[in-house]
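See below for the structure under consideration.
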There are 2 protein chains.
Amino acid sequence: MEKTKQRIIDAAIILFNTKGFDGTSVRELAKKANVNVGHISYYFDNKAGLQEHLLSSFFDQYVSILEKVYKKMSTYTAKECLLECVEKSMQFHRENRQLARYVYRELTFDSILVREIMSTYLTKEKYYFKAILEKGHKKKEFQVPSVLMAVMQLKSMISTPFLQSQYLAEVWHIMPYETSAVDQYEKVIVKWLEQSVFVEQEQQLERIAL
Amino acid sequence: MEKTKQRIIDAAIILFNTKGFDGTSVRELAKKANVNVGHISYYFDNKAGLQEHLLSSFFDQYVSILEKVYKKMSTYTAKECLLECVEKSMQFHRENRQLARYVYRELTFDSILVREIMSTYLTKEKYYFKAILEKGHKKKEFQVPSVLMAVMQLKSMISTPFLQSQYLAEVWHIMPYETSAVDQYEKVIVKWLEQSVFVEQEQQLERIAL
C-alpha cells in the first residue's frame, strides 16, 4: 500500500517538474504512477493535497536536520555546527534533488500554501541559522556584518545546484548532479565560509586579545 | 499603436505572475489588456512569442547595463566598476520588479527558450562579472577565492528582493518593494562586498608590499 503512495509521489515530482502543477492533470498522474484516480483521492484528496504533501514533507525533514545540529550547540563550536548544517543539508538535498528543484521553484509563487510553509518551516530555519551565526559572532569565531545577508547566502548556496541546475550546466558547464561536481561545489562553499565568515586563527587571537 | 503593445505586455506580466503562463489564456490576456485577440497575434504571434519577448527584452536591457560598466574598466578601478554594476542592476530590477519576478522564476524551468536566453545573455553576464572580478583580484583590490561563487552570490543578491519577495516579507518582515527597504538592502550588499570581496586599505598595501 505504501508503495502505491510512493509511486504517486514519484510520478508527481516528475510531472510537476516537466509540465508544471497546472499543466498536469490527475488522470495523467494516475497513468504515470500506474494507479487508479481513486488511489490519489484516497491518499491525498486531490492534486492540491499532493502538492501540500510534497512541500510539507520536504521542509519537515530539512528543518529536522537543522534542529538536530542546533541542539549540539552547547557542546560543539559554532563553526562545527555551521559546517555540519551545510554538509547535512547538501546531502539531504542531493538525495531528493528532483523534489528540491520542484519545491524551491514552487516557493517563488505567492499562494496560501507557500505562506504556510514559510511561517511554519522557514521561520524555524531562520531561527536555527541565526542562533548559530550569532553564537559564532559572539564567541569571535565568525565575522557576520549582516545576519540577513549571511542566511540568504547560505540558503542560496545550498539551493543553487538544484534550483539553478540548468544555469550551472549551460553557462558554467558544471553538471551539478554529478558526484564530482557536487563534491567540488561543497568545497567551494566551505572555502567561502572560511574566507568570509570564519575568523582566521591569528585574527581570532588578536580580537580576543583586544 | 505602441500603447497597445505595452498594454499587452503589462497585462501579460500581471497574469503570468498570478496565474502562471500555462494558467493564462490568450482570451484572458486580451480582456485584461483591453485589446482584441488579433492584436496579440499581430505583435507577438502567440502566447509563446509574448513570453519570449518578455525574457529577451529584460535580459537585453540588463546585459547592456553590465556592458556599459565593463567598457569603463580601463579608466575606473575594479571596485568602482563592481559597485556600479550592483547599483545600476538594482535600479533596473526595481524599475521592472514585476517583470523581474516573472523572468527569474521562468529561468528555473528547463525549456528551449530558457536555454537560448542562457547561452545568449547569461553567458555575457558571466563574462562581464568575471572580467571585473579577475581584474580586481589581479590588481589586489579584491580577494576572490572562487569566481563561480562570487558571481553566484552577486546574482543571488541582486535577484533576491524580486524572486524571494514573499520569503523576505513572511520570514524577515522586510517589504522588499518599499523604497526604504531597498535602500537598506543595497547597503547590506555593499557592506558584504566591503567585508568579503574588497581588500582593506592596510591589507592592500601589505599585499602589494609583499
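The values are calculated or read from the model by the stated rules, or taken from the named source; none is laboratory data. All values reported here derive from a predicted model rather than from experimental measurement. Neighbour counts are summed over all protein chains in view; Cβ atoms, including those assigned to glycine, are modelled from backbone coordinates with ideal geometry.
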Test set (1) farther than 30 Å from residue B:154 by Cβ; (2) in contact (Cβ under 8 Å) with a residue 12 or more places away in the chain - residue B:14 fails condition number: (1)
Subset of segment B:157-188 (residues that are more than 18 Å from the chain's Cα centre (by Cα), under 29 Å from residue A:194 (Cα atoms) and not in a helix (DSSP H, G or I)): B:174
Residue count, segment A:87-115 (criterion: touching a residue at least 60 places away in the same chain (Cβ under 8 Å), aliphatic (A, V, I, L, M) and crowded, with 18+ Cβ neighbours inside 10 Å): 3
Selection within segment B:18-34 - touching a residue at least 24 places away in the same chain (Cβ under 8 Å) and surrounded by fewer than 18 Cβ atoms within 10 Å (Cβ to Cβ): B:34
Residue check, residue A:164 within 9 Å of another protein chain (Cβ to nearest Cβ) and without any contact (Cβ under 8 Å) to a residue 60 or more places away in the chain: yes
Check on residue A:150, within 11 Å of chain B (Cβ to nearest Cβ) and either assigned to a loop (DSSP other than H, G, I, E, B) or in contact with a helix residue (DSSP H, G or I) (Cβ under 6 Å, 6 or more places away or on another chain) (or both): yes
Filter result (part of a helix (DSSP H, G or I), hydrophobic (A, V, I, L, M, F, W, C) and either at pLDDT below 70 or within 22 Å of residue B:191 (Cβ to Cβ) (or both)) within segment A:189-210: A:189, A:192, A:193, A:197, A:205, A:208, A:209
Residue among B:20, B:38, B:49 that alone is among the small types (Gly, Ala, Ser) and at positive phi: B:20
Unique match (being touching a Ser or Thr at 6+ places or on another chain (Cβ under 8 Å), away from chain A (no Cβ under 14 Å), closer than 26 Å to residue B:153 by Cα and modelled with pLDDT of 95 or more) among B:43, B:76, B:62: B:62
Residue match in segment B:130-149 (condition: modelled with pLDDT of 90 or more and on the phi > 0 side of the Ramachandran plot): yes
Which listed residue, of B:124, B:135, B:130, B:140, is more than 9 Å from every other protein chain (Cβ to nearest Cβ) and in a loop (DSSP other than H, G, I, E, B): B:140
Selection count, segment A:42-94, where residues are within 14 Å of the chain's Cα centre (by Cα) and of a type in the set (A, V, I, L, M, F, W, C): 11
Unmet criterion (only one of (1) more than 25 Å from residue A:164 (Cα to Cα); (2) modelled with pLDDT under 95; (3) not small (Gly, Ala, Ser)) for residue B:98: (1)
Test: residue A:158 is within 10 Å of chain B (Cβ to nearest Cβ) and among the hydrophobic types (A, V, I, L, M, F, W, C): no
